[in-house]
C-alpha cells in the first residue's frame with residue numbers, strides 16, 4: 001500500500017493498494033488530493049509498478065510479496 005499525505009502517516013493519509021495484476025486501487029483520498037493531481041499520481045504508480053515492487057523487496061529484505069487483490 002502507498003500512503004500520500006503531508007505528514008508521514010496518519011488517519012488523513014490517502015491510501016493506494018497495489019494489485020498483483022500490476023494495477024493500483026485508490027483505497028481512500030482522506031488527504032483530499034485534488035482529482036487532477038491524484039490521477040497523475042495513480043498513473044505514475046501504474047507506470048512504475050515493477051520498480052516500486054523491486055524497491056519494496058529490497059527495502060524490506062523479502063523475495064516475495066503477498067497481494068490482497
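Some notes on this structure:
- Here residue 33 passes the criteria (1) in a helix (DSSP H, G or I); (2) over 11 Å from the mean Cα position of the chain (by Cα); (3) in contact (Cβ under 8 Å) with a residue 12 or more places away in the chain except the one numbered (1).
- Residues (in contact with a strand residue (DSSP E or B) (Cβ under 8 Å, 6 or more places away or on another chain) and surrounded by 10 or more Cβ atoms within 10 Å (Cβ to Cβ)) located in the range 48-69: 49, 52, 53, 67
- Pairs with Cβ under 7 Å, 6+ apart, first in the range 36-53 and at positive phi and part of a helix (DSSP H, G or I), second exposed (fewer than 15 other Cβ atoms within 10 Å of the Cβ) and at pLDDT 95 or above: none
- Hits in the range 9-29 (condition: outside any strand (DSSP E or B), farther than 12 Å from residue 68 by Cβ and under 12 Å from the mean Cα position of the chain (by Cα)): 13, 22, 23
The values are calculated or read from the model by the stated rules, or taken from the named source; none is laboratory data. Keep in mind it's a predicted model, so treat the numbers as computed, not measured. Cβ sites come from the backbone with ideal geometry, for glycine too, and all protein chains shown count toward neighbours.
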